[in-house]
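Step one of this worksheet: look at the structure below.
The values are calculated or read from the model by the stated rules, or taken from the named source; none is laboratory data. Owing to the predicted nature of the structure, the values given are computational and were not obtained by experimental measurement. Neighbour counts are summed over all protein chains in view; Cβ atoms, including those assigned to glycine, are modelled from backbone coordinates with ideal geometry. Just so you know, the surface numbers come from the protein's heavy atoms only, side chains and all, with ligands and any DNA or RNA stripped out. Shrake-Rupley method; radii C 1.70, N 1.55, O 1.52, S 1.80 Å.
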Amino acid sequence: MNVTFKVRRYDPSNNGKGEHQSYSIDVDGDTTVLDALTQIRDEQDGTLAFRGSCRSGFCGDCSMRVNGKAKWTCRMTVGKAEKDGEISLEPPRLVTVVKDLIYDQETFMFDKYKAVKPWIEPSGPVPEGEYLVPQESIRDIQRAMSCTLCGLCDEGCTVLVVDKTFLGPAALTKAYRVMADPRDGKMGRRLRDLSQKRGMWDCVHCFEATEHCPKGIDPTDLIFAMRDEAIKRGIGPPRVVRHHDSFAASVKSSGWLDEARLVIETEGFLNPVGLARLLPTALRAMARRKAPIPYLHSKRKGADKIKRIFKKWEATKK
Ligand code: SF4
């Protein structure tokens, strides 16, 4: 089949100007996009710059946007990628491009990766000889172990688009990998670090990271797990802990959420300034029947069953 590749070019020596360049090739539909790109470089333009390493879905080095969506090009065939005989290729959105499709991974990801201290820090003396992860913990760690740090989850993240300083799902996945390891003894400190500004609490759980991960990792779920652990240890930001507690208390007592109570309790009774700030909006919303009157919240049918579920769950935590 004849396919035209529209490749985003960027030449730092050309005043940093980027432009699209088209290359047409005859190629089999089963050829990977990465192999087709290599063919273009070998046969038509030796100046075309891109990365590709393992070529078989292990390293993630060949990540780029194919028709606007971030992909591993070694795992995508031309037949699947082409639309009306065309394929567009661009570097990821959030990166600093070095040349054409090559970008600076240091600033994109590695700095954040280093920030989560991705190494085991035992709390006591390490036993002599092999120091293996016990079998019963392996399954949990495996949820994050196959991460190749390709960054596609960061590329899909809806928070990083508006705030590049957010730690991002790739680094948080690594943080989980280390924290869930029973040989590490710094969980408390790690959770406190991740609870700083731009840390795990900035995730808006849009699940785009999960959608984007080619290794089937669920970074959003790992972030949830770390947040749960932080709340259990009383480490989460006080406002978040209050929000969490109020949400659960409301559902436990009435079977559904009292949204007005949630707002008040999240802000905190000891925060009159915060509550006063919310008052005009709350009164306007209540006048227009857009917000319920707090604490005047009828019980839902079946609320007692929900309360029993809560009690059973609470008993498991003792
Ligand atoms: S979690 Fe998945 S998408 Fe994110 S860096 Fe790891 S392998 Fe890539």
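Taken residue by residue, segment 201-217 has no member that is open to solvent by 10 Å² or more (accessible area, probe 1.4 Å), over 17 Å from the mean Cα position of the chain (by Cα), more than 14 Å from the ligand (Cβ to nearest atom) and not aromatic (F, W, Y). Among residues of segment 281-303 that are under 16 Å from R261 (Cβ atoms), those with a Cβ under 6 angstrom from a residue that is open to solvent by less than 100 Å² (accessible area, probe 1.4 Å) and modelled with pLDDT under 85, sequence gap 6+ or separate chain, pair up as A285/A291.
The sole residue among T107, T77, T38 that is of a type in the set (V, I, T), in contact with a helix residue (DSSP H, G or I) (Cβ under 9 Å, 6 or more places away or on another chain) and open to solvent by 10 Å² or more (accessible area, probe 1.4 Å) is T77. Filtered by the rule that a residue be surrounded by fewer than 16 Cβ atoms within 10 Å (Cβ to Cβ) and either over 28 Å from L132 (Cβ atoms) or in contact with a strand residue (DSSP E or B) (Cβ under 6 Å, 6 or more places away or on another chain) (or both), segment 165-191 gives a lone residue, T165. Specify which of the listed residues (L262, L278) is open to solvent by 40 Å² or more (accessible area, probe 1.4 Å) and more than 16 Å from the ligand (Cβ to nearest atom). Step by step, each of L262, L278 is checked, and only L278 is open to solvent by 40 Å² or more (accessible area, probe 1.4 Å) and more than 16 Å from the ligand (Cβ to nearest atom).
Quick one: in segment 147-163, which of the residues that are within 16 Å of the ligand (Cβ to nearest atom) and either within 20 Å of G234 (Cβ to Cβ) or open to solvent by 50 Å² or more (accessible area, probe 1.4 Å) (or both) is farthest from the chain's Cα centre (by Cα)?
Going through segment 147-163, the residues within 16 Å of the ligand (Cβ to nearest atom) turn out to be 147-161.
Next cut, either within 20 Å of G234 (Cβ to Cβ) or open to solvent by 50 Å² or more (accessible area, probe 1.4 Å) (or both) only: 158, 161.
On the way: T158: 9, V161: 12 Å.
Only one residue fits best here, namely V161.
Taking every residue in segment 187-216 that is without any contact (Cβ under 8 Å) to a residue 24 or more places away in the chain and pairing it with any residue that is within 16 Å of the ligand (Cβ to nearest atom), at least 6 positions away or on another chain, the pairs with Cβ-Cβ distances below 7 Å are H205/T220; F207/T220. Within segment 306-318, the set of residues being open to solvent by 100 Å² or more (accessible area, probe 1.4 Å) and within 17 Å of F247 (Cα to Cα) comprises R308, I309, K311, W313.
Give, as residue ranges, the helices (runs of 4 or more DSSP H) completely inside segment 223-318 that count at least 2 residues that are closer than 30 Å to P169 by Cα. First the steps, then the outcome.
Details: elements: 238-254, 259-267, 272-287, 303-317.
Counting at least 2 such residues, we get 238-254, 259-267, 303-317.
Looking only at residues that are among the acidic types (D, E) and touching a residue at least 12 places away in the same chain (Cβ under 8 Å) in segment 218-239, which one is surrounded by the fewest Cβ atoms within 10 Å (Cβ to Cβ)?
Taking segment 218-239 as the starting set, the residues that turn out to be among the acidic types (D, E) are 218, 221, 228-229.
Next cut, touching a residue at least 12 places away in the same chain (Cβ under 8 Å) only: 218, 221, 229.
Details: D218: 19, D221: 14, E229: 18.
That would be D221.
Taking the criterion of being more than 33 Å from the chain's Cα centre (by Cα) and open to solvent by less than 60 Å² (accessible area, probe 1.4 Å), the residues of segment 287-305 that qualify are P292, P294, H297, G302, A303.
Does segment 111-124 contain any residue that is within 12 Å of the ligand (Cβ to nearest atom) and at positive phi? There is no residue in segment 111-124 that is within 12 Å of the ligand (Cβ to nearest atom) and at positive phi. Scanning segment 76-129 for residues that are under 30 Å from G29 (Cβ atoms) and in a loop (DSSP other than H, G, I, E, B) turns up M76, E82, D84, G85, P91, P92, R93, V95, D100, L101. Among the criteria (1) modelled with pLDDT of 90 or more; (2) open to solvent by 20 Å² or more (accessible area, probe 1.4 Å); (3) more than 15 Å from the ligand (Cβ to nearest atom), the one D100 does not fulfil is (2). I'm told R198 meets every condition in (1) part of a helix (DSSP H, G or I); (2) away from the ligand (no atom under 16 Å from the Cβ) except one. Can you identify the failing condition by its number? Of everything listed in (1) part of a helix (DSSP H, G or I); (2) away from the ligand (no atom under 16 Å from the Cβ), R198 misses just condition (1). Just one of the listed residues (R139, R93) is within 16 Å of the ligand (Cβ to nearest atom) and charged (D, E, K, R), namely R93.
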